[in-house]
């Protein structure tokens, strides 16, 4: 069965500094990968996804993630964070169109002024 | 932008009572899901629903849980006899093409069992 590991439960970073949130997955077959964001007291929003093709995917608010098959990783990066990026970020994986999405435990991004 | 709507946003219930959590998925979506998130913990899959039947359910989704799509728009989660450990945020989600397109989540229902 597939699984998702987010090793960092919390990442503090200064405003305007770069950030990387790590995600590794475990699966013996091809996967679809997602990053979801949960702002305080809100639901989950899809940030970006990798289905196939280019291994670098980008969101509209400056985040990007790169699928690395050899390292089974899908790390999320942003070159310069803003206070509004304060949220919990969940990496997630599914195997195919009929499969459920499995979430990692989440990483809380804490932006320092 | 289309939304998944969940009601109520917060429900408090006594242990042993039945609760029904309601969701209105996006109208052209075919796949429906319930997840839950116990405070401070990961988002856990409960059940997926496609073509008017359960396609998959987790170990959490025992006989106390049921789902229904009573009409063309609503998707409900019923917990027959709530327990303290059922206290969590419950998220409904829908998808046009299942796991490949990602889901659209509702804002959640916070269930508190006292």
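Within the range B:69-92, if we keep just the residues that are at pLDDT below 95 and within 17 Å of residue B:31 (Cβ to Cβ), the residue that is surrounded by the fewest Cβ atoms within 10 Å (Cβ to Cβ) turns out to be B:72.
Report whether or not residue A:11 is in a strand (DSSP E or B), at pLDDT 95 or above and under 26 Å from residue B:88 (Cα atoms). Criteria met by residue A:11. When A:107, A:72, A:86, A:5 are checked against the criterion of being free of Cβ contacts under 8 Å to residues at least 60 places away in the same chain, over 24 Å from residue B:3 (Cβ atoms) and in contact with a strand residue (DSSP E or B) (Cβ under 8 Å, 6 or more places away or on another chain), A:72 stands alone in meeting it. For the range A:14-65, the set of residues classified as touching a helix residue (DSSP H, G or I) at 6+ places or on another chain (Cβ under 7 Å) and closer than 24 Å to residue A:110 by Cα consists of A:15 only. Listed by first and then second residue, the pairs linking a residue in the range B:77-103 that is under 13 Å from residue B:113 (Cβ atoms) and away from chain A (no Cβ under 14 Å) to a residue that is modelled with pLDDT of 95 or more and in a helix (DSSP H, G or I), with Cβ atoms under 9 Å apart and 6 or more places separating them unless they lie on different chains, are B:79/B:86. Within the range B:8-32, the residues that satisfy the criterion of being within 13 Å of chain A (Cβ to nearest Cβ) and under 21 Å from residue A:41 (Cβ atoms) are B:9, B:10, B:23. Summed over the range A:20-63, the residues that are part of a loop (DSSP other than H, G, I, E, B), without any contact (Cβ under 8 Å) to a residue 40 or more places away in the chain, more than 11 Å from chain B (Cβ to nearest Cβ) and under 25 Å from residue A:80 (Cβ atoms) give a count of 7. Selection of the range A:89-108 for residues being surrounded by 21 or more Cβ atoms within 10 Å (Cβ to Cβ) and assigned to a strand (DSSP E or B) yields A:89, A:90, A:91, A:92, A:93, A:94, A:102, A:103, A:107. Total residues in the range B:33-56 satisfying the condition of being closer than 25 Å to residue A:42 by Cα and under 14 Å from the mean Cα position of the chain (by Cα): the figure is 13. Is there a residue being away from chain B (no Cβ under 14 Å), buried (at least 21 other Cβ atoms within 10 Å of the Cβ) and more than 29 Å from residue B:92 (Cβ to Cβ) anywhere in the range A:79-87? Yes; the residues of the range A:79-87 include at least one that is away from chain B (no Cβ under 14 Å), buried (at least 21 other Cβ atoms within 10 Å of the Cβ) and more than 29 Å from residue B:92 (Cβ to Cβ).
So residue B:107 passes all but one of these: (1) within 14 Å of another protein chain (Cβ to nearest Cβ); (2) part of a strand (DSSP E or B); (3) touching a residue at least 60 places away in the same chain (Cβ under 8 Å). Which condition number does it fail? For residue B:107, the failing item is (2). The numbered conditions (1) away from every other protein chain (no Cβ under 11 Å); (2) surrounded by 17 or more Cβ atoms within 10 Å (Cβ to Cβ) are all true for residue B:112 except (2).
The values are calculated or read from the model by the stated rules, or taken from the named source; none is laboratory data. This structure is a prediction, so every number in the text was calculated from the model and none was measured. Here Cβ is always computed from backbone atoms with ideal geometry, including for glycine, and neighbour counts include all displayed protein chains.
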